[in-house]
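Input: a single structure, listed below in structure tokens.
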Amino acid sequence: MNISTRQRDGVTILDLQGKMTLGSGETALRSGLQDALAGGATKIVINLKGVTTIDSTGVGELVGTYTTVTNRGAKLKLAVLPPKLQDILTITQLITVFDVYETEDEAVRSF
Amino acid sequence: MPLEHRFHLGIGSRFENIELVQVVLRDALERLGLDEDARHWVDIAVREAVANAIKHGNRQDPDKRVAVELGVDEDGLIIQVEDEGEGFEPGEVSNPLAPENLLKPSGRGIFYMQSFMDEVRYGARPGGGTVVTLRKRLPVPGADREPAGSEEQGEKSE
């Protein structure tokens, strides 16, 4: 998995690309998030448009991200979920936990 | 119909090898006529089984192997994943949908398998270890289409 970080209207955007699976660099999200928080980010959007596959480890990384951000008093939104990722979050009932938006624009405006 | 073997793969207990299983598995599933959605969900379930075998079964011991076998019988697809670990008791696994577990970062692998396959069974491997058997019914060709001329037949029977 690849991750890149950018700023947009005071919001930190983390763009994820590729597989969020065990053995595919699944910890990249954790380190990208730590860097963002260390840089003072308080409004964070994870753009998941480029994610092709997510296993239970990848879902665990998203959950870990949510708890880390929340514990720091920051806010996290998910944007542009591919249909299969949306299915996974629905099946695992995590769709009720995350703040999910269809587009990045909506996620950024929601803060 | 007896079991028809499609592939047997032995891998070392390293997470990178999950990708190797995925490549072979997806090719076999495509040859069997599964559509992209079905291939994706079977792939995810098998990933979880192999990951569990490496992580919890063999505890990433490089001297221990994980075997993956795919076959077809009259009920559909059968995938078996074997490890050489200490055995496993599925009753010990907590429900990841319970409110107290929802925000735990781990513990969803077995739930994934049960969600995406028609049947998941656990057994003991001869000589030690666990065998996970995953089953998925295969689509019957043409089952989703209306039989040709069915309306005319209905009218004739009146």
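Assorted remarks:
- Just one residue in the set A:63, A:100 is away from every other protein chain (no Cβ under 14 Å) and hydrophobic (A, V, I, L, M, F, W, C); that residue is A:100.
Conditions (1) surrounded by 12 or more Cβ atoms within 10 Å (Cβ to Cβ); (2) closer than 19 Å to residue B:50 by Cβ; (3) within 14 Å of chain A (Cβ to nearest Cβ); (4) at pLDDT 90 or above, marked per residue:
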residue	(1), (2), (3), (4)
B:89	no, no, no, no
B:98	no, no, yes, yes
B:116	yes, yes, yes, yes
B:123	yes, yes, no, yes
B:154	no, no, no, no
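- Residue in the range A:67-88 that is farthest from the chain's Cα centre (by Cα), counting only those that are closer than 23 Å to residue B:115 by Cβ and surrounded by 19 or more Cβ atoms within 10 Å (Cβ to Cβ): A:88
- The residue list B:45, B:53 contains one member that is crowded, with 18+ Cβ neighbours inside 10 Å, closer than 17 Å to residue A:91 by Cβ and in contact with a strand residue (DSSP E or B) (Cβ under 7 Å, 6 or more places away or on another chain), which is B:45.
- Scanning the range A:32-85 for residues that are part of a helix (DSSP H, G or I), touching a residue at least 40 places away in the same chain (Cβ under 8 Å) and more than 29 Å from residue B:51 (Cα to Cα) yields a count of 0.
- Residues (out of contact with any strand residue (DSSP E or B) (no Cβ under 7 Å at 6 or more places or on another chain), aliphatic (A, V, I, L, M) and more than 7 Å from every other protein chain (Cβ to nearest Cβ)) located in the range A:34-60: A:37, A:38
- Failed item in (1) within 10 Å of chain A (Cβ to nearest Cβ); (2) closer than 17 Å to residue A:59 by Cα; (3) buried (at least 18 other Cβ atoms within 10 Å of the Cβ), with residue B:22 passing the rest: (2)
- Checked against (1) modelled with pLDDT under 95; (2) part of a helix (DSSP H, G or I); (3) in contact with a helix residue (DSSP H, G or I) (Cβ under 7 Å, 6 or more places away or on another chain), residue B:28 meets all criteria but (3).
- Test: residue B:35 is among the acidic types (Asp, Glu), surrounded by 12 or more Cβ atoms within 10 Å (Cβ to Cβ) and more than 9 Å from chain A (Cβ to nearest Cβ): no
The values are calculated or read from the model by the stated rules, or taken from the named source; none is laboratory data. Nothing here was measured: the structure is a model prediction, and the numbers come from that model. Heads up, the Cβs are rebuilt from the backbone with ideal geometry, glycines too, and the neighbour counts pull from every protein chain shown.
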